[in-house]
Amino acid sequence: MGGVLAVLGPLGRLNAALCTAGRAIGVVAIAVMVAVTLLQVVMRYVFNNALPWPDEAARFCMLWMTGLMAPTALRHGGFVAIDSLIAALPVRLSSALTLILLSIAMLVLVMGLSIGWSEVNGLGGRFDTASLYLPTSLSFDSWYRIPRSWMMLSLVVGFAMLILVNLELMIRAFMGLLGAADRLPMVRNPELGSAE
Amino acid sequence: MLVLFLPVFLFFLMVGLPVFFGLLFAPGILLWLNGQERDITLLYRNLYNGMDSFPLMAIPFFMLAGELMNRGGITLRLVEFSQALMGHFRGGLAHVNILSSMLFAGLSGSAVADTSALGSMLIPAMEKQGYTRRFAAAITAASSVIGPIIPPSGIMIIYAYVMGESVAALFLAGIVPGILVGTGLMVLVKLMADRYDFPVASRRHTWGERGQASLKAFFPLLTPVIILGGILSGVFTPTEAAAVAVAYALIIGLFVLRTLKFSELGDVLSKAGITSAVVLLLVGAAMSFKTVVSLSHAPELLAEFILTLTENPLLLLFLINLLLFAVGMFLDAGPAIIILGPILGPVFTSLGVDSVHFAIIMCVNLTVGLATPPMGLVLFVAASVSNEKVETISRAILPFLAVEIFVIMLITFIPEISMTIPRLTGFAD
Amino acid sequence: QDYTLRATANSNENDEDYDGLQVFKSHVEAASNGAIEVEIFMGTQLCSNGAECLQGVADGSIDIYISTSGGASGLFPYVQVLDLPYVMADDRVAEAVLSGDFTRTMRDMALEDSGDSIRLMTIGNTGGWRNFANTQRRVAQPSDIEGLKIRTVVADLPQELVRALGASPTPIPWPELFTSLQTGVVEGSKNGITDIMSMKFPDAGLQYVTLDGHAYMGALWWMSNQTFQELPDDLKRVVVDGFYQLQQATFASPKRKSIQAYEEFVAGGGDLYVPSPDEKAAFAEAAQPVYDWFTANVEGGQEIYDALTSAVSEAESELEAARAADME
Ligand code: NA
Ligand code: NA
């Protein structure tokens, strides 16, 4: 049990650090989404000159926001689930059920990561984005057209982070199964909202 | 074989697998057992592409706008405005609670935000005036479901996206049903107030005071006008309208009313981002799920089965209300719409029910489910802001639910209630 | 049956694509004596845009898919050659060109670019010809279109064209176009008449159509090369013939459908303007920058442009000869 705890500590700190970084980037992403969408409205009405790229740039940010912020939600129980059965069971049984459910989640995540990685490297990733370019010189006279794989990578990174978080949750459930739930380190809860 | 995905999914859902994983796991495992490995890739691809959508961006934006308004002390102004109008009635604060929810609904698309914002303010105030805590919590929860019915509405954006409807049409169709729910609740409060002699909240405000309160609430109340006016006049798409609402909330919060601090922005953005991330993953997973729904021919089979029950569309709508209501007791509105929309929508439109009308039936029904025992999300939020037990609130809310069920029946059997505004504005046939 | 071909089109069952698929299905299933079954999925049930559907074709989760040139241009930018304005004069020229070696050239380019995974089977039509339509005024010459906000897809070539004519290209998603026209977010579009009518755009104020026919609405029919190569030769023949039948059906279908569409448009008070040859030449002149842009900026642009123009002049001279013979 000590060994498991020894893994849990560093893994928890790693996840906390990754989630914090993910949230920070996500906050920037959502701000950019708002900004470019507004820019498009202004360009269309004030300058009568709609830009081709804000829509896609905003989607780019939204996908990364999702990939990078979802792990925080999973870590703090923010994924929607019907948990009345788990709540009704005695501690050990509920830990066992939780562990089974987390294993299923792990299967989904690992499959997702492996498919996602081959998708990024596959043909779909080679598609150009419709309108996103990156300057490749300081004088802004040569541009690199961003491929779709840069957007697709968001979900792959998200799945990788979700796997790490899920692993942490599995270890915690396993400790609960052994009856050592009280020895688990606390996870600080950031404020979560709801869509409804 | 593939058609088993639904029972398999429901089983894992009931034992507690998060909806997101269930939506991918159930179809995935069946495809695998069926020897259709290549289609598992299709699941992943539709998950990703399901999220890659500009119209969906309205979800994080409206969430953000609602959150900014809330932190910006704007809620307080709406409540003061409601009080100036209705505070002098018997049961004044109960009326104020309902009216505030209707006004708040024009700024926010979330019943949870409504309950926590208005509940934390109004439940203590109602208690101080002698209402029981359970009554105060119950009326807060019951009226908060108006939030996602009157536009803007998170679940309507989801429904429109998953089902290929126009967001604008659904928004417009929700206006009258939302007002109807509010009015229904007020009528009930009036009846109860006379019978149980509820307190009056304040003296009658003079028209001058009312004018002052409306002036203070003017900027917040302008939000729905900007959103709907902008969409209707075509100045912006619904997603752009949502971004404009964010900008507007920022400007009035930071500079005009000065109720919002720059230092709070990071928190607000982070909260809206995390919540949206979960919703977007769910919507993406729903699009995967929908692919398997198509591959399995489940809607056709279901339609056949339903038609063996009865071919009377009115009776079918009644049955569907029961089903949706039962689902709403256990599942939140967003996930329920995501799961049931693709399965039920085609069945009813093929029976001649207008797709916008059906969307409203579904949205209102599942939204009311948010306040329905035993699992209604809003009940739990009301419990936590009021420190009252969920079971107690669950009993106190029953009369209000009866009113809301009555309104659902009206909406179901009188399509004109929802369809008139979208038809007049040319957003529905 | 031994083989199941899963075919998908992102349009609905009123579209030419569906007509083509029905013809394909009926031919292939009959001619293969039931050895091949064709399953048709219309709409976005399996995938919803060029990028994801073509990826499905590449890995074999989708066997057959029809894209427009815009839908495939993210991967095969040179298919936009079909959007070059005023290159092919009319249906006869276009049909001769697309039935010939030009399509094979494009097939080879796409096979090479996709690592032998995506095979262009044939190019048919989906919706006739693109014309300029707007809510404001009759457009008889390029100057009439100046300053209008014209909806385009987010693809380079259509945007370059609109810009070359002095209008401003505005990207709007197809499902939002009705509302955007109605409310003035955009003032015009470039679509075929059947799409204009099926989306009820005249109700949104789109009352001026100029039959400039600036682009042929080519339908690119793709097939998973692996699926195709796994068929025995006799069934390959059946599939190839099936695509020929499909092509012929999609050539014919928009013509039939557009008759009623034009009638409805005019009956609803729409202004249908046929530009004179001089006016058409003025449009072609104004569009000149687009050709330079295409050959200079699009990978494989010069190669495919040459293939198209030589196919066009060949087709034109053959057609002239055929016409002369028919008139004798
Ligand atoms: Na609302
Ligand atoms: Na309320």
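Quick look at the values:
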{"item": "Helices (runs of 4 or more DSSP H) contained in region B:8-101 and holding at least 2 residues within 16 Å of ligand 2 (Cβ to nearest atom)", "result": "B:58-71, B:74-86"}
{"item": "Qualifying residue in region B:125-134 (condition: modelled with pLDDT under 85, more than 15 Å from ligand 2 (Cβ to nearest atom) and within 20 Å of B:Glu209 (Cβ to Cβ))", "result": "yes"}
{"item": "Selection from region A:107-131 of residues that are under 18 Å from the mean Cα position of the chain (by Cα), surrounded by fewer than 21 Cβ atoms within 10 Å (Cβ to Cβ) and either within 9 Å of chain C (Cβ to nearest Cβ) or not β-branched (Val, Ile, Thr) (or both)", "result": "A:Leu107, A:Met111, A:Leu113, A:Ser114, A:Trp117"}
{"item": "Filter pass, C:Ile145 being modelled with pLDDT of 90 or more and over 23 Å from C:Ser67 (Cα atoms)", "result": "yes"}
{"item": "Conditions (1) crowded, with 17+ Cβ neighbours inside 10 Å; (2) more than 19 Å from B:Leu47 (Cα to Cα); (3) within 14 Å of chain C (Cβ to nearest Cβ): number failed by A:Tyr45", "result": "(1)"}
{"item": "Pairs, first among the β-branched types (Val, Ile, Thr) in region C:198-209, second open to solvent by 50 Å² or more (accessible area, probe 1.4 Å), C-beta under 9 Å, six or more apart", "result": "C:Val209/C:Tyr262; C:Val209/C:Leu272"}
{"item": "Filter pass, B:Gly16 being modelled with pLDDT of 85 or more, over 30 Å from A:Gly124 (Cβ atoms) and of a type outside the set (S, T, N, Q)", "result": "yes"}
{"item": "B:Pro152 being in a helix (DSSP H, G or I) and away from ligand 2 (no atom under 16 Å from the Cβ)", "result": "no"}
{"item": "Of all residues making up region C:28-41, the number that are among the hydrophobic types (A, V, I, L, M, F, W, C), within 14 Å of another protein chain (Cβ to nearest Cβ) and either assigned to a helix (DSSP H, G or I) or surrounded by fewer than 18 Cβ atoms within 10 Å (Cβ to Cβ) (or both)", "result": "1"}
{"item": "Filter result (in a helix (DSSP H, G or I) and basic (Lys, Arg)) within region C:100-123", "result": "C:Arg104, C:Arg107"}
{"item": "Selected residue (only one of C:Val81, C:Val97 is within 25 Å of A:Pro147 (Cβ to Cβ), assigned to a helix (DSSP H, G or I) and away from chain A (no Cβ under 14 Å))", "result": "C:Val81"}
{"item": "Matching entry among A:Ile104, A:Ile100 (being open to solvent by 40 Å² or more (accessible area, probe 1.4 Å), away from chain C (no Cβ under 14 Å) and either touching a Cys at 6+ places or on another chain (Cβ under 8 Å) or more than 29 Å from C:Ile118 (Cβ to Cβ) (or both))", "result": "A:Ile100"}
{"item": "Any hit, region B:102-122, residues being away from ligand 1 (no atom under 14 Å from the Cβ), farther than 22 Å from B:Glu391 by Cβ and away from chain A (no Cβ under 14 Å)", "result": "yes"}
{"item": "Residue in region B:76-134 that is surrounded by the fewest Cβ atoms within 10 Å (Cβ to Cβ), counting only those that are more than 25 Å from B:Tyr159 (Cβ to Cβ) and charged (D, E, K, R)", "result": "B:Lys128"}
{"item": "Single residue of B:Ser296, B:Ser288 found to be open to solvent by less than 30 Å² (accessible area, probe 1.4 Å), of a type in the set (S, T, N, Q) and closer than 19 Å to B:Met51 by Cα", "result": "B:Ser288"}
{"item": "Residue selected from region B:161-197 under the condition of a type in the set (Phe, Trp, Tyr) and within 14 Å of chain C (Cβ to nearest Cβ), by the criterion farthest from ligand 1 (Cβ to nearest atom)", "result": "B:Tyr161"}
{"item": "Criterion: more than 28 Å from B:Leu93 (Cα to Cα), open to solvent by less than 20 Å² (accessible area, probe 1.4 Å) and touching a residue at least 60 places away in the same chain (Cβ under 8 Å) - qualifying residue of B:Ala193, B:Ala168", "result": "B:Ala168"}
{"item": "Residue in region B:354-373 that is within 22 Å of the chain's Cα centre (by Cα) and more than 22 Å from B:Met156 (Cα to Cα) present", "result": "yes"}
{"item": "Selection status of A:Arg92, assigned to a helix (DSSP H, G or I), open to solvent by less than 30 Å² (accessible area, probe 1.4 Å) and over 21 Å from B:Ser288 (Cα atoms)", "result": "no"}
{"item": "Every residue from region B:238-274 that is facing chain A (nearest Cβ under 7 Å) and of a type in the set (Gly, Ala, Ser)", "result": "B:Ala243, B:Ala247, B:Gly266, B:Ser270, B:Ala272, B:Gly273"}
{"item": "Pick from region B:135-160, criterion within 12 Å of the chain's Cα centre (by Cα) and open to solvent by 10 Å² or more (accessible area, probe 1.4 Å), ranking: farthest from ligand 1 (Cβ to nearest atom)", "result": "B:Gly154"}
{"item": "Test for A:Gly3: is it part of a loop (DSSP other than H, G, I, E, B), open to solvent by 40 Å² or more (accessible area, probe 1.4 Å) and farther than 30 Å from C:Gly147 by Cα", "result": "no"}
{"item": "Test: residue in region C:153-170 that is within 14 Å of chain B (Cβ to nearest Cβ), farther than 25 Å from C:Tyr86 by Cα and not in a strand (DSSP E or B)", "result": "no"}
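The values are calculated or read from the model by the stated rules, or taken from the named source; none is laboratory data. Here the structure is a predicted model, which means the values were calculated and not measured. Using ideal geometry, Cβ is built from the backbone for each residue, glycine included, and neighbour counts are taken over all protein chains shown. Side chains are part of the model used for accessible areas, which takes the heavy atoms of the whole protein and leaves out ligands, DNA and RNA. Shrake-Rupley method; radii C 1.70, N 1.55, O 1.52, S 1.80 Å.
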